[in-house]
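Down below is the structure, laid out as structure tokens.
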């Protein structure tokens, strides 16, 4: 399929295709998380996580909530728009399992 300016798939992949983005969204599907939770659970560098979270905020997919606790507590959560990506992630997961199993079947029958 040729890349076309203004193509919705191309537009979506520009946002979701960056390394770690889908995995960050997947982590936030379970609820809001602090930066250090995401960093530890995903084993991602703080610099890269910060960059991706800023990208997702700019796209309106993630919201940063600052709580006036001492020390200040910051949590990240998906926006309504960000939560709409859940079925896509579920389908990607199902496709990946099916694809992996079909590849195993090809190797066995070869």
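Just so you know, all these numbers are worked out from the coordinates, no wet-lab data involved. From a predicted model like this one, the values you see are computed outputs, not experimental measurements. Glycine gets a Cβ as well: all are built from the backbone with ideal geometry, and neighbour counts include every protein chain shown.
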*asked:* Which one, 19, 33, 54, has the greatest fluctuation when you compute a Gaussian network model over the chain with C-alpha springs under 10 angstrom?
replied: 19
*For a footprinting-style exposure proxy, rank 34, 47, 52 by other Cβ within 10 Å, fewest first.*
47, 34, 52
_To make sure I understand, if each residue's beta carbon is the centre and we count other beta carbons within 10 Å, what order do 21, 62, 72 fall in, fewest to most?_
72, 21, 62
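Return the calculated 222 nm mean residue ellipticity for the chain, to the nearest 500 deg cm²/dmol, obtained by summing -39500 (n - 2.57) across DSSP H runs with n ≥ 4 and dividing by the residue count.
Calculated mean residue ellipticity at 222 nm is -18000 deg cm²/dmol.
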*Can you give me the relative contact order of the stretch 1-78 as a percent, contacts being Cα pairs under 8 Å and 6 or more apart?*
31 percent
*Correct choice for Cα Rg over 2.2 N^0.38 Å that was computed from the model, options (1) 1.30; (2) 1.22; (3) 1.60*: (1)
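Can you work out the FRET efficiency for the pair residue 42 and residue 9, with r the C-beta to C-beta distance and R0 = 25 Å, to the nearest 0.05?
Working: r = 26 Å, r/R0 = 1.04.
According to the calculation, E is roughly 0.45.
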*Which ordering of 95, 20 is given by a fewest-first count of other beta-carbon atoms within 10 Å?*
95, 20
*Which angle from 0 to 90°, rounded to the nearest 10, does the C-alpha axis of helix 46-58 make with the longest principal axis of the chain?*
90 degrees
*In degrees from 0 to 90, rounded to the nearest 10, what is the angle of the helix 86-109 Cα long axis to the longest principal axis of the chain?*
30 degrees
